[in-house]
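For reference, the structure is listed below as structure tokens.
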Amino acid sequence: MGRQALGFLDPQLGRVVEKGMHTYDSDCELTWDRFWEDIDHYYLAHWCDYFGMAIILRDPIMCHFWSIFYEIIELSA
């Protein structure tokens with residue numbers, strides 16, 4: 001139901017993935033070319049979030065807990 005609502009707000013969402021579209025799971029081979037091809041603003045945002053959180057919290061266990069918790073929230077939204 002949420003995907004349908006988002007598709008209503010933005011017509012580009014909810015489309016069927018076609019052959020020419022970029023997906024992160026189209027080629028899972030671990031190479032430098034593939035790694036650099038998949039780097040985007042999400043990676044930068046996650047690294048900056050983790051770095052800022054590490055400066056504020058200064059506790060590795062809490063940092064890892066917060067990162068996992070944040071990913072669960074992100075995936076569920």
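Give the order of His46, His64 when sorted by the count of other beta carbons within 10 angstrom, beginning with the fewest.
His64, His46
Each residue of the stretch 14-23 was assigned a 3J(HN,Hα) from its phi angle through the Karplus expression (A = 6.51, B = -1.76, C = 1.60, θ = phi - 60°), giving x, 7, 6, 6, 9, 4, x, 6, 7, 10 Hz with x at Gly and Pro.
For the chain, the set of trypsin sites (Lys or Arg not before Pro) satisfying both a DSSP loop assignment and a count of at most 10 other C-beta atoms within 10 Å is given as Arg15, Lys19, Arg58.
What do you get for GluC sites (Glu not before Pro) in the stretch 29-77 restricted to DSSP loop and a cutoff of at most 13 other Cβ within 10 Å of the site's Cβ?
Values: sites: Glu29, Glu37, Glu71, Glu74; in loops: Glu29.
Of the GluC sites (Glu not before Pro), the ones in loops of the stretch 29-77 whose Cβ has at most 13 other Cβ atoms within 10 Å are Glu29.
Per the Debye calculation on the chain with a single equal scatterer at every Cα and no solvent contribution, log₁₀ I(q)/I(0) for q = 0.11, 0.13, 0.19, 0.22 Å⁻¹ amounts to -0.48, -0.65, -1.05, -1.10. Backbone phi angles across the stretch 66-77, fed through the Karplus curve with coefficients 6.51, -1.76 and 1.60 (θ = phi - 60°), yield HN-Hα couplings of 5, 5, 5, 4, 5, 5, 4, 5, 5, 6, 7, 7 Hz in residue order; Gly and Pro are listed as x.
Bear in mind that the values in this text are calculations on the coordinates, not laboratory data. Note that the coordinates shown come from a computational prediction; the quantities given were computed from them, not determined experimentally. We place every Cβ from the backbone using ideal geometry, glycine too, and count neighbours over all the protein chains shown.
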